[in-house]
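Visitor: Quick one: this structure, given as structure tokens, is what I'll be asking you about.
The values are calculated or read from the model by the stated rules, or taken from the named source; none is laboratory data. On a predicted model such as this, the values are computed, not experimentally measured, just so you know. In this analysis, Cβ positions are derived from the backbone assuming ideal geometry, glycine residues included, and neighbour counts consider all displayed protein chains.
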Amino acid sequence: MSEPERKAEVVSLRDVRRRKEQAAKAAKPKPVGAVPRQGREPIVKSWRNLAVFVAVLVALALVEALFRRLF
């Protein structure tokens, strides 16, 4: 068997194995609740955004407390 033939055989065996794995994966039943949620995006997308969100809430609370003391 020449070198190119042997490489072609190895590639084809790899393809066969990959196709079998994909078929087995596709045949597995998916859990009922596995549908991705669509529509609303989360309010907080990252930790930095969460920190900014909390800082704004704290600032609003402080401003409210200040105004309650003054008026």
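Visitor: So, V32, is that one modelled with pLDDT under 80 and either under 18 Å from the mean Cα position of the chain (by Cα) or surrounded by 10 or more Cβ atoms within 10 Å (Cβ to Cβ) (or both) or not? Quick ask: steps written out before the conclusion?
Guide: Values: modelled with pLDDT under 80: yes; either under 18 Å from the mean Cα position of the chain (by Cα) or surrounded by 10 or more Cβ atoms within 10 Å (Cβ to Cβ) (or both): no.
The answer is no for V32.
Visitor: Quick check on the stretch 46-61. Is at least one of its residues outside any helix (DSSP H, G or I) and either polar (S, T, N, Q) or at pLDDT below 70 (or both)?
Guide: Our first condition is that a residue be outside any helix (DSSP H, G or I); within the stretch 46-61, this holds for 46.
Next, only the ones that are either polar (S, T, N, Q) or at pLDDT below 70 (or both) stay: 46.
Among the residues of the stretch 46-61, at least one is outside any helix (DSSP H, G or I) and either polar (S, T, N, Q) or at pLDDT below 70 (or both), which makes the answer yes.
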